[in-house]
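Engineer: I'd like to ask some things about the structure below.
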Amino acid sequence: MIQTRYRKLHCEEMESIGARWPENLTDADIARAGINWHIFPNQIVLPTLDGAQLYRARPNGDDPESCIYDVWWLERYGPGGEPPINHEYYPDIASFTGKNPFLEQDFDNLIACQAGMHSHGFRGMCDKSGAGGRSPRLPSRHRGISLWSRRQGRLILRPRHPI
């Protein structure tokens, strides 16, 4: 009931600014879309009623302690209501402080994860219990990715035969 009312208010607001609401979009469609899509290996899409937020992390050259982190926002606008595209660049997380509390929370999580991976107790990522069951077990939804990655590694590293 709350979601239906929220969707109706959202639709009314979009129509008031001239943005087209998808006519046949149902609650079932929205539920089926889910709240996040992970595109292996390094992208996340957060769909919303009027667009999407996207994250992408890429290697920063040969520096394993940093990455290039892209954030995109896609939104619906009425005709002529689109703002100019504004590309922003921040050389590090500290220079982003005070810009967006929502994203700063995500960045704080990245910093905490990076620190955890450097902690003495971190034994590395694995997809099954290690010796004595001390290693964490990945959720089943991640095991396919791990298996795919292992198979890809074997394929890439296997000796090549001349043609």
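The values are calculated or read from the model by the stated rules, or taken from the named source; none is laboratory data. Here the structure is a predicted model, which is why all the values come from computation and not from measurement. Cβ atoms come from the backbone with ideal geometry, glycine included; neighbour counts cover every protein chain shown.
Engineer: Among the residues of region 113-125, which ones are over 17 Å from the mean Cα position of the chain (by Cα) and under 13 Å from Glu65 (Cα atoms)?
Structural biologist: Once the filter is applied, which keeps residues that are over 17 Å from the mean Cα position of the chain (by Cα) and under 13 Å from Glu65 (Cα atoms), region 113-125 yields Ala115, Gly116, Met117, His118.
Engineer: Something else: Hey, can you tell me all the residues within region 26-56 that are at pLDDT 90 or above, of a type in the set (Ser, Thr, Tyr) and more than 8 Å from the chain's Cα centre (by Cα)?
Structural biologist: none
Engineer: Something else now. Read through the list (1) β-branched (Val, Ile, Thr); (2) in contact with an Asp or Glu (Cβ under 9 Å, 6 or more places away or on another chain); (3) modelled with pLDDT of 90 or more, then give the number of the only condition that Ile68 fails.
Structural biologist: The one condition Ile68 does not meet is (2).
Engineer: For residues in region 91-133 being at pLDDT 90 or above and outside any helix (DSSP H, G or I), which is nearest to Ala19 (Cα to Cα)?
Structural biologist: So the residue we want is Asn100.
Engineer: I've got another one for you. Between a residue in region 41-63 that is under 23 Å from Glu13 (Cα atoms) and without any contact (Cβ under 8 Å) to a residue 40 or more places away in the chain and any residue that is basic (Lys, Arg) and surrounded by 14 or more Cβ atoms within 10 Å (Cβ to Cβ), which pairs come within a Cβ distance under 7 Å, given they are 6 or more apart or on different chains?
Structural biologist: Close Cβ pairs satisfying both conditions: Gly51/Arg76.
Engineer: Still on this structure: Within region 73-91, does at least one residue satisfy the condition of being more than 30 Å from Met14 (Cα to Cα) and in contact (Cβ under 8 Å) with a residue 24 or more places away in the chain?
Structural biologist: no
Engineer: Only residues that are surrounded by 14 or more Cβ atoms within 10 Å (Cβ to Cβ) and on the phi > 0 side of the Ramachandran plot: list them for region 52-66, please.
Structural biologist: Residues satisfying the conditions do not exist here.
Engineer: Quick one: count up the residues across region 13-41 that are surrounded by 10 or more Cβ atoms within 10 Å (Cβ to Cβ) and among the basic types (Lys, Arg).
Structural biologist: Summing the residues that are surrounded by 10 or more Cβ atoms within 10 Å (Cβ to Cβ) and among the basic types (Lys, Arg) in region 13-41 gives 1.
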